[in-house]
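Contents: one structure, followed by commentary.
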Amino acid sequence: MSNRIFQAVWDNGPQSRSEMLVLMVLADSADAETGECFPSLRRIAQGARMSVRTARGVLRALESEGWIVTAERLRPNGSRASSVYRVQLEKLGLASLAEKRAAKTAGGGG
């Protein structure tokens, strides 16, 4: 869990309650440096207290509004695994680790 991302969602997240809940579920699972996570659709729906169908629609809305980026994952045998979601840290007012490293290197601090 990334408290930093979770707090940023709370402070700067979407206005829609359902979008806020789904984004908080994703933030709860997200890597603190990259914002990436891969909870199942069922886990997202349960955490946000909504149906899987509703959660799927909310995820599409979050992606179209630029809060998240979604990509499919495949197992070695070619079958589908849960999607990978990347919370857009910049939209939440958080600099990504890559940006921090680039700034540090450019400033001669690395």
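The values are calculated or read from the model by the stated rules, or taken from the named source; none is laboratory data. From a predicted model like this one, the values you see are computed outputs, not experimental measurements. Note that each Cβ is placed from the backbone with ideal geometry, even for glycine, and that neighbours are counted across all protein chains shown. SASA here: full protein model, heavy atoms, side chains in, ligands and nucleic acids out. Shrake-Rupley method; radii C 1.70, N 1.55, O 1.52, S 1.80 Å.
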I'm checking my understanding of the structure. Among residues of the range 58-85 that are among the small types (Gly, Ala, Ser) and surrounded by 15 or more Cβ atoms within 10 Å (Cβ to Cβ), which one is nearest to the chain's Cα centre (by Cα)? Ser83
Residue under evaluation Arg4, criteria (1) at pLDDT 95 or above; (2) assigned to a helix (DSSP H, G or I), criterion not met: (1)
Tell me whether the range 60-69 contains one or more residues that are touching a Phe, Trp or Tyr at 6+ places or on another chain (Cβ under 7 Å) and at pLDDT 95 or above. yes
Please go through the range 9-51 and pick out each residue that is open to solvent by 40 Å² or more (accessible area, probe 1.4 Å) and in contact with a strand residue (DSSP E or B) (Cβ under 6 Å, 6 or more places away or on another chain). Ser29, Glu36, Phe38, Ser40
Looking only at the range 23-78, count how many residues are charged (D, E, K, R) and not in a helix (DSSP H, G or I). 8
Based on this model, can you work out whether Gly13 counts as farther than 14 Å from Arg86 by Cα, touching a residue at least 60 places away in the same chain (Cβ under 8 Å) and of a type outside the set (Lys, Arg)? yes
All positions within the range 79-91 that are closer than 19 Å to Ile5 by Cβ, not aromatic (Phe, Trp, Tyr) and not in a loop (DSSP other than H, G, I, E, B): Ser82, Ser83, Val84, Arg86, Val87
